[in-house]
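Quick note: the coordinates plus some simple rules give every number you see, no bench work behind them. Please read these numbers as outputs of a predicted model, since none were measured by experiment. All Cβ positions, glycine included, derive from the backbone under ideal geometry; neighbour counts span all protein chains shown.
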Amino acid sequence: MRREPPRRIRYLTQTEADRLLSELPAHIADMARFTLATGLREQNVTRLTWDQVDMDRKVAWIHPDQAKARRAIRVPLGKVAMEILNRQFGNHPTYVFTFKGKPVRRANNTAWRKATKRVGLVDFRWHDLRHTWASWAVMNGTPVYIVQELGGWESPEMVRRYAHLAPEHLAKYADAAMPVGTSPHS
């Protein structure tokens with residue numbers, strides 16, 4: 001049997017995300033922020049159309065034929081996602097994210113690669129923003145089963161592949177196995 005390749009553990013800290021967003025062209029920064037706010041894949045963001053968005057109900061839908069797992073994904077839109085959508089509203093009759101009046105087909109492009117290089121992010125892909133979203137959600141207390149539903153994953157194991165916990169987040173559990181006052185030399 002072949003060995004499974006090691007899991008990729010790559011997500012941004014808030015500081016790294018802020019630095020990256022400040023280096024990206026405005027239209028790509030908005031798409032990256034939207035991914036960080038929703039966990040959507042690059043193609044779901046670049047191909048998002050206004051008929052998939054309900055601004056009043058603050059929800060978007062990814063249709064089964066657009067989802068990797070071939071299941072529809074209901075995407076609740078929080079404050080940041082709504083702010084981004086409000087900035088895009090009226091720019092194009094069909095597509096949400098555009099550049100110079102035309103739909104953006106790829107966000108992981110030359111401008112993306114140059115920005116990641118300028119901020120010192122090595123081997124950082126657009127898809128790692130999805131890892132970042134899942135990691136931030138779990139570290140901020142969102143239950144794994146909710147992240148699973150939000151991300152459109154079929155199993156908690158898939159969420160664990162995406163959600164990486166920072167060592168600082170795990171530090172509070174480091175002494176859980178040994179109660180306070182227990183001497184290791186007893």
Report the equivalent ellipsoid semi-axes for segment 15-173 in whole Å, largest first, defined as the square roots of five times the eigenvalues of the gyration tensor built from alpha carbon atoms. 24, 21, 14
List the lysines whose Cα sits under 20 Å from the Cα of LYS58, skipping any in the same chain fewer than 8 residues away. LYS79
Provide the convex hull volume over Cα atoms per residue for segment 74-151, in Å³. 134
In nm², what is the average projected area of the convex hull enclosing the Cα atoms of segment 7-107? 7.1
Label-point separation (nm) for THR98 and ARG125, each offset 7 Å from Cα along Cα-to-Cβ? 3.1
Where does each of SER155, SER135 land when they are ranked from fewest to most other beta-carbon atoms within 10 angstrom? SER155, SER135
